[in-house]
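Comments concern the structure below.
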Amino acid sequence: MPSPRPLLALAALLPALTTAAAQSAQAPRFEFTIANMMRGPELYGREPQDVRWSPDGRWVYFRWNEAGADWREPLRLYRVRAQAGARPERVPDAQADSVLPLVADGSWARDRRFRVVAHDGDLWRVDAGAAAARRLTRTLAAESQPQVAADGKRVFFVRDNNVFALELAGGFVQQLTDVRPGPQPDSARAGAQRRALEADQRALFDVIRDRVARDSVQAAERKAREALRPTPLWLNANERVLQFAVAPGGDALVLTTSTAAPRARTAQVPDWVTKSGYVEELPTRTKVGDEQATGRVAYVRVPTGAARWLKVLPSDTVRAPASVQLLGWNDAGTAALVRAERRDFKERVLSAVGDSGAVRTVDVLRDSAWVAGPCASCAGWLPDGKVWFVSEADGWAHLYTVGADGAGKRQLTQGKFEVLQAELSPDRSQFRLHTSERSVFDRDFYTMPVAGGARTRLTRDAGGHQVEPSPDGRMLADVYSTANRPPELFVQAARADAPRAQLTTSPTADWLGFAWKAPEIVMVPGSDGVQVPARVYRPQDVGAQPNGAAAIFVHGAGYLHNVHNWWSSYSREYMFHHYLASKGYVVLDIDYRGSAGYGRDWRTAIYRHMGGRDLQDHVDGVRWLQKTHGVDPERVGIYGGSYGGFITLMALFTEPKMFGAGAALRAVTDWAHYNHPYTGRILNFPEGDTTAYRRSSPIFFAQGLEDPLLMAHGMVDVNVHYQDIVRLTQRLIELGKTDWELASYPVEDHGFVRPSSWADEYRRIFELFERTIGRRPIPAATSGSGPR
């Protein structure tokens with residue numbers, strides 16, 4: 001006879017089990033289908049974006065949509081009190097125009113009493129701690145780039161391509177520059193024949209002599225008036241001003257310009273499904289190696305307008321930089337900081353522009369491949385007149401300081417991690433940093449004294465943190481995510497041990513109720529001895545049995561980080577990989593060479609050969625799958641979009657024995673047809689490095705196709721043009737290749753938008769894998785006679 005004690009315990013447990021069963025029955029069940037998953041943000045939600053604090057630090061404003069919002073719905077403005085238990089509330093559109101200036105970035109007065117911001121083409125003043133902003137201008141012309149003067153009495157701003165000063169007390173406005181579109185009118189003297197005729201006219205007629213005298217008087221009066229105005233600064237034809245930076249005292253400024261390339265040819269992309277019913281052409285971009293825009297830098301004295309065009313690159317052979325960025329003036333107003341990059345992308349120069357336009361080199365970074373890295377443009381002035389900047393000088397993106405004369409360079413952070421973002425605190429006593437110091441798979445927020453020293457990590461949990469401190473620095477708004485939970489808005493006190501309060505819930509209830517996994521991060525041994533990070537999704541992790549096949553996902557962009565402990569930007573793919581695992585596939589997602597997050601050598605390992613070391617990392621992934629999961633290479637599929645589509649093509653064309661099928665989405669097929677800034681950095685220019693382009697472009701290896709290939713491309717792709725896949729299609733036809741298909745999407749750009757397009761594309765990928773690598777081999781015939 002059973003003991004009564006277990007029966008009593010069971011009786012006590014029955015109500016709880018009944019309640020749990022009832023709750024489970026009421027909970028919505030997630031529809032685990034491709035069509036449903038491709039609804040994307042309708043399920044996992046929209047990430048809180050553009051997070052700002054109110055001046056009094058009581059509210060957090062952000063762009064967001066609540067769970068389940070239709071995919072067509074634009075992001076709306078929300079606000080939430082910065083306290084546990086608060087619920088977000090939408091800011092009505094009618095109020096947004098008055099709220100947005102209140103939380104916008106702007107230029108602060110030195111005493112931090114107020115700042116001036118530009119919003120919707122007008123200037124607004126926002127006092128510290130204020131509950132409202134005060135409009136300073138209401139004009140049809142747009143005002144931008146406000147800068148509060150050192151004395152706090154004026155604000156400099158840009159209107160109609162010129163710099164003005166506004167007196168904050170009385171509203172008086174003064175124009176400080178007279179920049180005019182070029183070319184300058186021809187003022188050359190008339191030729192000898194015309195001068196002779198004019199002399200005869202003056203000698204013969206009193207009326208002409210009277211006019212000449214009157215013109216001389218008027219010219220003298222006009223010259224006297226013009227002496228009180230700034231001297232006109234004439235630009236070249238097709239040249240425009242990009243940036244102004246006014247000295248704190250208003251006595252000088254530096255400006256940058258850009259001149260369009262007149263002979264460059266812009267590719268046209270047809271828009272097929274239009275309101276008019278006609279095919280319409282969309283102007284997009286040039287192709288790599290075509291003529292590019294050039295930039296210049298000028299130093300201008302105020303109020304005279306006397307200008308001097310500057311040379312901000314030390315090399316005598318290259319006068320026009322590829323890009324120029326103004327990074328502000330020092331407190332004393334004696335120097336402006338300028339960042340310039342050489343046209344071959346192999347040199348970055350920081351310069352200080354001083355009195356009368358004298359240029360001093362502050363720091364030079366050269367790279368035999370190309371200069372880049374996270375926070376590559378992060379730089380500015382310190383209160384003591386030194387310069388801070390982020391550089392890959394030691395192979396990782398780290399923080400440095402140096403004197404304005406280039407002396408005394410000092411490294412403030414060091415190690416095998418990267419400084420991802422850097423800025424000064426409002427009182428300029430600390431650096432605020434986002435780094436991967438905890439691990440290359442995490443993103444955390446730190447503070448550090450401007451003199452260097454110990455860093456304080458203020459974010460506690462592993463994952464991805466994007467932090468915005470409150471105006472007084474006492475609170476943190478943190479958009480935080482993990483590998484299996486999308487970004488949400490949290491607030492906490494600015495202490496490492498402070499509890500964190502979640503303020504948003506972005507996914508739908510049924511999505512949250514599904515058992516989404518955080519994929520394990522594994523290290524794949526590279527054939528060159530390097531350990532390559534990857535995410536792996538196993539059938540066993542989702543309660544499924546392996547089917548003996550595997551899929552490798554190749555992330556796009558090339559320089560992008562996808563193996564980490566926070567939410568992936570490939571959110572639909574994340575769900576699709578769960579789906580593949582549930583059908584028996586092992587899925588591998590590799591941060592191949594060229595990916596972000598692992599330092600300069602990793603970033604530049606693809607220099608002059610895309611589809612070289614990066615492709616080999618995926619081949620090594622196949623070997624890892626074979627060794628650890630017993631997957632035959634012919635049962636490994638590969639897929640990806642953009643750069644991932646390119647790698648897929650190179651895999652099937654050049655390593656056919658290592659893969660069994662592939663899906664190349666919006667793929668680059670010939671790098672000579674891609675854009676200049678991206679391609680020119682990695683492969684140099686096609687007219688000077690044909691080897692790099694030939695060995696990196698799949699179209700030249702199409703004869704190697706042996707396995708089934710799906711190609712999918714948006715027909716209105718203004719990034720990787722539809723022409724790319726059309727050219728490859730013609731090549732495959734001429735080569736007599738048969739086991740391939742092309743799915744075209746008439747209304748989609750590079751990044752698909754419509755859920756129906758996403759669903760169709762990923763249905764095709766799954767069906768490709770199911771009918772090829774997913775099919776179990778038929779066992780060999782056993783001995784003995786079969787049926788006759």
Worksheet item: Applying the selection to region 703-740, what residues are closer than 21 Å to V279 by Cβ, open to solvent by less than 50 Å² (accessible area, probe 1.4 Å) and part of a helix (DSSP H, G or I)?
Response: Y722, D724, I725, T729
Item to complete: Please indicate, with yes or no, whether at least one residue in region 577-589 is touching a strand residue (DSSP E or B) at 6+ places or on another chain (Cβ under 7 Å), part of a loop (DSSP other than H, G, I, E, B) and either in contact (Cβ under 8 Å) with a residue 40 or more places away in the chain or not acidic (D, E) (or both).
Response: yes
Discussion item. Regarding region 562-571, can at least one residue be identified that is in a loop (DSSP other than H, G, I, E, B) and over 23 Å from R438 (Cβ atoms)?
Written reply: no
Worksheet item: Among the residues of region 455-462, is any surrounded by fewer than 20 Cβ atoms within 10 Å (Cβ to Cβ) and over 28 Å from V522 (Cβ atoms)?
Response: yes
Discussion item. Quick check on my filter: what residues within region 398-425 are in contact (Cβ under 8 Å) with a residue 60 or more places away in the chain and open to solvent by less than 50 Å² (accessible area, probe 1.4 Å)?
Written reply: A404, E418
Discussion item. Looking at region 645-663, can you tell me whether even one residue there is part of a loop (DSSP other than H, G, I, E, B) and within 24 Å of the chain's Cα centre (by Cα)?
Written reply: no
Worksheet item: Residues of region 636-650 being buried (at least 24 other Cβ atoms within 10 Å of the Cβ) and in contact (Cβ under 8 Å) with a residue 60 or more places away in the chain, which ones?
Response: V636, G637, I638, Y639, G640, G641, Y643, G644, G645, I647, T648, L649
Worksheet item: Under the condition of being free of Cβ contacts under 8 Å to residues at least 40 places away in the same chain and within 18 Å of T256 (Cβ to Cβ), which residue from region 356-388 is surrounded by the most Cβ atoms within 10 Å (Cβ to Cβ)?
Response: A376
Response to the item:
Matching residues in region 526-563 (more than 15 Å from H578 (Cβ to Cβ) and of a type in the set (D, E, K, R)) number 1
Worksheet item: Which is open to solvent by less than 20 Å² (accessible area, probe 1.4 Å), farther than 23 Å from A494 by Cβ and at pLDDT 95 or above, of L77, L136?
Response: L77
Discussion item. Tell me the residue from V353, V349 that is more than 24 Å from the chain's Cα centre (by Cα), β-branched (V, I, T), farther than 30 Å from S568 by Cα and surrounded by 15 or more Cβ atoms within 10 Å (Cβ to Cβ), please.
Written reply: V353
Worksheet entry | Residue match in region 91-100 (condition: touching a residue at least 24 places away in the same chain (Cβ under 8 Å), out of contact with any Asp or Glu (no Cβ under 6 Å at 6 or more places or on another chain), open to solvent by less than 80 Å² (accessible area, probe 1.4 Å) and within 19 Å of V163 (Cβ to Cβ)) | no
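Restricting attention to region 419-437, report how many residues are within 18 Å of T401 (Cβ to Cβ) and assigned to a loop (DSSP other than H, G, I, E, B).
First pass over region 419-437, keeping only residues within 18 Å of T401 (Cβ to Cβ): 419, 421-425, 427-433, 435.
Still in the running and assigned to a loop (DSSP other than H, G, I, E, B): 425, 427-429.
Total satisfying the criteria: 4.
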Fill in: Unmet requirement for A165, which otherwise passes all of (1) under 16 Å from G249 (Cα atoms); (2) part of a loop (DSSP other than H, G, I, E, B)
(2)
Discussion item. Tell me yes or no: at least one residue of region 490-509 is modelled with pLDDT of 95 or more and among the acidic types (D, E).
Written reply: no
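Only strands (runs of 3 or more DSSP E) wholly contained in region 472-535 count here; list those with 3 or more residues that are closer than 29 Å to W53 by Cα. Spell out the reasoning first.
Values: elements: 475-482, 485-493, 520-525.
Correct list: 475-482, 485-493.
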Worksheet item: If you scan region 460-479, which residues turn out to be closer than 30 Å to V563 by Cα and not hydrophobic (A, V, I, L, M, F, W, C)?
Response: R460, D461, G463, G464, H465, Q466, E468, P469, D478
Worksheet item: Among all residue pairs at least 6 apart or on different chains, which show Cβ distances below 8 Å where the first residue, located in region 19-41, is loosely packed, with under 11 Cβ neighbours inside 10 Å and the second is at pLDDT 95 or above and assigned to a helix (DSSP H, G or I)?
Response: R29/D510
Item to complete: Return a yes/no flag: does region 660-669 have any residue that is open to solvent by 10 Å² or more (accessible area, probe 1.4 Å), on the phi < 0 side of the Ramachandran plot and touching a Lys or Arg at 6+ places or on another chain (Cβ under 6 Å).
Response: no
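Okay, residues lined up against (1) open to solvent by 70 Å² or more (accessible area, probe 1.4 Å); (2) of a type in the set (D, E); (3) on the phi > 0 side of the Ramachandran plot:
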site	(1), (2), (3)
Q193	yes, no, no
F205	yes, no, no
L233	no, no, no
V254	no, no, no
D290	no, yes, no
Item to complete: For F441, indicate whether it is modelled with pLDDT of 95 or more, in a strand (DSSP E or B) and either among the charged types (D, E, K, R) or surrounded by 15 or more Cβ atoms within 10 Å (Cβ to Cβ) (or both).
Response: no
Worksheet item: Picking from R138, R112, R125, which residue would you name as being on the phi < 0 side of the Ramachandran plot and in a loop (DSSP other than H, G, I, E, B)?
Response: R138
Discussion item. Criterion first (surrounded by fewer than 22 Cβ atoms within 10 Å (Cβ to Cβ), free of Cβ contacts under 8 Å to residues at least 40 places away in the same chain and not acidic (D, E)) does S323 satisfy it?
Written reply: yes
Worksheet item: Of the residues that sit in region 323-366 and are assigned to a strand (DSSP E or B) and of a type in the set (S, T, Y), which one is farthest from G380 (Cα to Cα)?
Response: S323
Practice prompt. Just need a number here: residues in region 254-299 that are out of contact with any Pro (no Cβ under 9 Å at 6 or more places or on another chain), assigned to a strand (DSSP E or B) and over 21 Å from P746 (Cβ atoms).
Written response: 8
Worksheet entry | So Y278, is it modelled with pLDDT of 90 or more and either in contact with a Cys (Cβ under 8 Å, 6 or more places away or on another chain) or open to solvent by less than 80 Å² (accessible area, probe 1.4 Å) (or both) | no
Worksheet item: Do any residues in region 660-675 that are of a type in the set (D, E, K, R) have Cβ atoms under 8 Å from those of residues that are part of a loop (DSSP other than H, G, I, E, B), where the two are at least six apart or on different chains, and which pairs are they?
Response: R666/S642; R666/D717; R666/N719; R666/V720; R666/H750; D670/S697
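Go through region 221-236 and give me each residue that's of a type in the set (A, V, I, L, M, F, W, C), modelled with pLDDT of 90 or more and not in a strand (DSSP E or B).
From region 221-236, those of a type in the set (A, V, I, L, M, F, W, C) are 224, 227-228, 233-235; that's our starting set.
Subsequent filtering for residues that are modelled with pLDDT of 90 or more retains 233-235.
Within region 221-236, just L235 meets the criteria.
The values are calculated or read from the model by the stated rules, or taken from the named source; none is laboratory data. These numbers come from a predicted model, not from an experiment. Because the Cβ atoms are built from the backbone with ideal geometry, glycine has one as well, and the counts that use them run over all protein chains shown. To get the accessible areas, we keep the full protein, side chains included, count just its heavy atoms, and leave off ligands, DNA and RNA. Shrake-Rupley method; radii C 1.70, N 1.55, O 1.52, S 1.80 Å.
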